[in-house]
1. Taking the criterion of being within 30 Å of THR5 (Cβ to Cβ), surrounded by fewer than 22 Cβ atoms within 10 Å (Cβ to Cβ) and charged (D, E, K, R), would at least one residue in the stretch 153-171 satisfy it?
2. Kindly state which strands (runs of 3 or more DSSP E) lie completely within the stretch 166-269 and contain at least 3 residues that are modelled with pLDDT of 95 or more and either out of contact with any His (no Cβ under 7 Å at 6 or more places or on another chain) or acidic (Asp, Glu) (or both).
3. Under the condition of being at pLDDT below 90 and of a type in the set (D, E, K, R), which residue from the stretch 60-97 is farthest from SER266 (Cα to Cα)?
4. Can you find a residue that is under 19 Å from SER70 (Cα atoms), among the charged types (D, E, K, R) and either crowded, with 18+ Cβ neighbours inside 10 Å or touching an Asp or Glu at 6+ places or on another chain (Cβ under 8 Å) (or both) anywhere in the stretch 198-210?
5. Which of the residues spanning the stretch 47-69 are of a type in the set (Val, Ile, Thr) and either in contact with a Leu (Cβ under 6 Å, 6 or more places away or on another chain) or assigned to a loop (DSSP other than H, G, I, E, B) (or both)?
6. Assess whether THR142 counts as being modelled with pLDDT of 95 or more, hydroxyl-bearing (Ser, Thr, Tyr) and out of contact with any helix residue (DSSP H, G or I) (no Cβ under 9 Å at 6 or more places or on another chain).
7. Can you work out which of the residues in the stretch 1-46 that are among the polar types (S, T, N, Q) and part of a helix (DSSP H, G or I) is nearest to ALA226 (Cα to Cα)?
8. Could you please give the count of residues in the stretch 162-185 that are within 27 Å of ILE56 (Cβ to Cβ) and in contact (Cβ under 8 Å) with a residue 60 or more places away in the chain?
Amino acid sequence: MGRITLDGVKLRTFTPPPPGFDPLSASAMDLLAHGFPARPDNPQQLELYHRVFNRIRNRFQYIQPEFEISKNTRRVPKLSPIPAVGTGNEFHTLWSGGVVVPPAGQSFRWIVGEWTVSNVAAPTEGQTYFCATWVGIDGNVTVQSTDLCQAGINTDVTRNGTSNTRHCYAWCEWFPGPQVTIPNFPVTFGDTVQVLVCTSGVGATEATIYFINITSGVTTSLVLDAPATVSLVGDSAQWVVERPQLTQDGATTFALLPDYGQVFFSGCQAASFSQDGSSRTVVGGGTQVRIDMVEAATDDTPLSNGFLVADEVIQCVWVASGDGRF
């Protein structure tokens, strides 16, 4: 396992698996050594595990990730409270999607979700728009944690005339640390991806993150350390479409949200455990609270809405107009 430190962010990589490696039949020790999630013993989770790896079985390829630190894009978990008006259960100036909290006496250890990367468009010529889709633990505005451990896909788009120029890449972040991008993980618009974030639970200071491009069959994984003085709380889990916060030349602004159409998060599961690990609950992402994105804490104009479609399905729909504000 390789250890890397970039601008104070500590990461680890795994030894790539040998040719012919099969995650469905490999031993538990080999799965761990080569950066693959353990096969679950819960029948519901095991069925999802088999379904995903069977879909890529004939195209399976593992790549060792490369990393870059981004200092211009941030995900901010706690913002000023937003008035409880409108159609959603919860409102946020950056997020839309779904959020769950664990049963009493438990906390989240891992979260998984699958979605297709939207072919984003820029509503206005000459402007650059940014959108992030991700899964994460901690950091919801309604709970006490101030960290946020998350991973997903970033997209941006700029329109010149009738032509849209788009970019797409994988990333992870443990807020308040910086965003870490993975430039060599191949992903593009229209690809279906699954992202899994695993930790040891309350007090954890590292997370193992798995990316699977189900369309291409390419996978990668890494271990991300928490920033100094930060550890996991596990008091919320969320599946989110976001307009990130941008920092350029010392100034901080909210990004303009592109027209992403809609995103369906499926297979949305978050596992919570009691502190001693003796009890466990798998919580479906579509079972509790939906989040609507609004223009500002003092303006409930909708930009993106979240809908709870089924126990494990969350839909996000772009509703902004004009320049991506409204």
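The values are calculated or read from the model by the stated rules, or taken from the named source; none is laboratory data. Everything numeric in this text was worked out from a predicted model, so none of it was measured. Note that each Cβ is placed from the backbone with ideal geometry, even for glycine, and that neighbours are counted across all protein chains shown.
1. The answer is yes, given that some residue of the stretch 153-171 is within 30 Å of THR5 (Cβ to Cβ), surrounded by fewer than 22 Cβ atoms within 10 Å (Cβ to Cβ) and charged (D, E, K, R).
2. Counting at least 3 such residues, we get 179-182, 192-198, 206-213, 218-225, 237-242.
3. Result: LYS71.
4. Checked the stretch 198-210: no residue is under 19 Å from SER70 (Cα atoms), among the charged types (D, E, K, R) and either crowded, with 18+ Cβ neighbours inside 10 Å or touching an Asp or Glu at 6+ places or on another chain (Cβ under 8 Å) (or both).
5. If the condition is that a residue be of a type in the set (Val, Ile, Thr) and either in contact with a Leu (Cβ under 6 Å, 6 or more places away or on another chain) or assigned to a loop (DSSP other than H, G, I, E, B) (or both), then ILE56, ILE63, ILE69 are the ones that fit.
6. no
7. Ranking the candidates gives GLN45 first.
8. So the count comes out to 9.
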